[in-house]
Amino acid sequence: MRPEVIGLADYFSTYHGTITNPLDFSDAQPLRCNYPEAAPPDPGDYLTVTDTTPDPDHGEVTYFLTSVTSPTGETRMGRKVEAGVLSGRDPTALPDCVP
């Protein structure tokens, strides 16, 4: 994964939540934090996260979101389009991910 405007990834954090209000990521729950632990990934590496979330109730949908942090500490989490302009989502909406 090579997020736009970030040359290298230092680590990733993956979150999950229920799509009741998908634009409010402050309700996201950490699934796995700051991985890989041993060393930053190389471009082209495949990283996996085990889904330990409970099955959603009937009619609910679970989303997964992975943020990436660069060696400089800059974090990105996906993209959005507003008024036809593509930009990154604000990572400060995510709760702290503590390993």
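Please count how many residues of the range 19-36 are open to solvent by 50 Å² or more (accessible area, probe 1.4 Å) and either touching a strand residue (DSSP E or B) at 6+ places or on another chain (Cβ under 8 Å) or at pLDDT 85 or above (or both). Counting residues in the range 19-36 that are open to solvent by 50 Å² or more (accessible area, probe 1.4 Å) and either touching a strand residue (DSSP E or B) at 6+ places or on another chain (Cβ under 8 Å) or at pLDDT 85 or above (or both) gives 6. If you go through the range 67-84 and keep only what is aliphatic (A, V, I, L, M) and closer than 15 Å to residue 98 by Cα, you end up with just 68.
Just one residue in the set 83, 39 is open to solvent by less than 70 Å² (accessible area, probe 1.4 Å) and of a type in the set (A, V, I, L, M, F, W, C); that residue is 39.
The values are calculated or read from the model by the stated rules, or taken from the named source; none is laboratory data. This structure is a prediction, so every number in the text was calculated from the model and none was measured. Every residue, glycine among them, receives a Cβ derived from its backbone with ideal geometry; neighbour counts consider all protein chains shown. Just so you know, the surface numbers come from the protein's heavy atoms only, side chains and all, with ligands and any DNA or RNA stripped out. Shrake-Rupley method; radii C 1.70, N 1.55, O 1.52, S 1.80 Å.
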